[in-house]
Amino acid sequence: MKVMISWQLGIMQTCDNFATMPFRLEQLAQVVAYTPFLSGNKVRLVLSNLYGEADLYFDEIYLSKEEKFHVKHQVTYLKQKQVVIRRGHKLQTDPLTLKVQAGEKLYVWMKASRKQTYADVASTYATDLINASYGQKFDYCPSLRVNEYQRKSWFSLEGILVWTKHKPKVVEFAGDSLMEMGFVSQALGKLFLEEYPQQVTYLNTAVSGSRLLYDCPTDSLLLATYGQSLLKRKPKPNSVALSICFCGGNDLLLPAYSSQASKQVVTPAELVAGFRELLTSWPNPVVSSTILPAKKIQAQSEATRLAVNQELSSWSQIFDGAKLLVDGQGKLKPTYQLGDGLHINQAGGNLLAQQLLAFLKTNSLL
């Protein structure tokens, strides 16, 4: 029987829209490390310039299995070594023949000699599955850092496709910073690599600051990077097998930080209705969590959070993540957060991932 080989998503994290706060760099050299979830004998990169105001030019792009690129392979597009990403577009580079193994790191080195503005931005705090570093000198190979307290950002690169015989399920990690930072998705992804090799692959579409119900406020340059509401960011039909979401917290927090958002205070009924729409209207199964606590939250918003969680905790598609991480006062335990009372650390991500995997197995979602 002939084995069907096709391009599959090896690992991907989509870029956010930083058009209001773009990075203007004289030159760029960036290194991004990926851990693909699939084995195969060819790869392609997915590049993005959806949000920039001009075409982007990369003089050289290399791929290697070594962080220092002692042995490297040139990546081309339309058989040209200079890769141009047209404004408002994504592209897939030419196939590169290279044997890759699931769980084996690949390193991408992208170099641009001209002054450019980058508005397609991705970020992580966790560093085991994806890591990145950049500098503003063309002839430079940045070193990767491992520090869960530091944000690592990169530009216009979304992930790796693998030419493979495997037909994996695409698991999407969606929502807000609790997913984008990578601590939950990384921990669960590593469990997938161990327990479901070649069967599951990784897509992170989360946007820090995003809300479930409303698009980002536009009365601040930073807040305008928070993107569309999660309800508007549905996957395309048949593109995702399962979506795992953390959301709802910013619906409660942002009204205190934005005059525009202050007119969008949500009631428990509205937020519950939003979760119901999330779980029923997407083209694929969705699992979401109860809303995690936040240190700097107004009393009314905290009352809303508790009321919403009480309702959600009885739903079959809801995982009670908040219950796992709180102390006797209902706050995030210091052991599981970065010190701001809002964002979880890798220990918190590990605990959530272990319980999430058990939840997925119990509900036959993998």
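Quick note: the coordinates plus some simple rules give every number you see, no bench work behind them. A quick note: this is a predicted structure, and the numbers were derived from the prediction, not measured. Ideal geometry is used to build each Cβ from the backbone, glycine not excepted, and the neighbour counts take in all protein chains shown.
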Item to check | the chain, relative contact order [Cα under 8 Å, separation at least 6], % | outcome: 18
Checklist entry - Of all DSSP beta bridges in the chain, what percent run antiparallel (nearest 5)? => result 75
Checklist entry - So for Ser133, Ser316, fewest C-beta neighbours within 10 Å to most, what's the order? => result Ser316, Ser133
Checklist outcome for this item: DSSP beta bridges in the stretch 169-362: the antiparallel percent, rounded to 5, is 10
Checklist entry - Taking neighbour Cβ counts within 10 Å as the exposure measure, how do Ile318, Ile160 sort from fewest upward? => result Ile318, Ile160
Next on the checklist: Over the stretch 6-164, what is the relative contact order in percent, taking alpha-carbon pairs closer than 8 angstrom and at least six residues apart?
Outcome noted: 42
Next on the checklist: Just want the ordering: Trp315, Trp109, from fewest to most Cβ atoms lying within 10 Å of their own Cβ.
Outcome noted: Trp315, Trp109
Checklist entry - What is the packing order of peptides 233-241, 139-147, 47-55, 345-353, taking the mean over residues of other C-beta atoms within 10 Å and listing the highest first? => result 345-353, 47-55, 233-241, 139-147
Checklist outcome for this item: Rounded to 0.05, the calculated FRET efficiency for the beta carbons of Met21 and Gln199 at R₀ = 45 Å is 0.70
Next on the checklist: Whole angstrom only: what separates the Cα centroid of the stretch 80-103 from the Cα centroid of the stretch 30-72?
Outcome noted: 7
Item to check | Lys, Arg +1 and Asp, Glu -1 on Cβ, resulting dipole of the stretch 169-362 about Cα centre, debye, nearest 20 | outcome: 120
Item to check | Reciprocal of mean inverse Cα separation for the stretch 169-362 (Kirkwood radius, Å) | outcome: 16.7
Checklist entry - To the nearest 20 debye, what is the magnitude of the charge dipole of the stretch 84-184 about its Cα centre, counting +1 on the Cβ of each Lys and Arg and -1 on the Cβ of each Asp and Glu? => result 420
Item to check | Whole-angstrom Cα spans of the stretch 1-103 along principal axes, big to small | outcome: 51, 32, 26
Checklist outcome for this item: Sorted largest first, the Cα spans of the chain on the principal axes come out in Å as 57, 52, 36
Item to check | Thr267 versus Thr117: modelled label distance in nm, points set 7 Å from Cα along the beta carbon direction | outcome: 4.3
Checklist entry - Short version: ³J(HN,Hα) in whole Hz for each residue of the stretch 167-182, in order, from phi by Karplus 6.51 cos²θ - 1.76 cosθ + 1.60 (θ = phi - 60°), x for Gly and Pro, what are they? => result 10, x, 7, 8, 9, 9, 9, 10, x, 10, 4, 4, 9, 5, 4, x
Item to check | Rounded to whole Hz, the Karplus (6.51, -1.76, 1.60) HN-Hα couplings of the stretch 249-258, x for glycine and proline | outcome: x, 6, 4, 8, 8, 4, x, 7, 10, 8
Item to check | the stretch 169-362: relative contact order in percent, alpha carbon pairs under 8 Å with at least 6 residues between | outcome: 22
Checklist entry - Using the C-alpha gyration tensor of the stretch 31-161, what are the square roots of 5 times its eigenvalues, in whole angstrom, with the largest one first? => result 21, 19, 14
Checklist entry - Asp215 versus Ala256, label points 7 Å from Cα toward the beta carbon: distance in nm? => result 2.7
Item to check | Helix-only mean residue ellipticity at 222 nm for the chain, each DSSP H run of n ≥ 4 adding -39500 (n - 2.57), per residue, nearest 500 | outcome: -6000 deg cm²/dmol
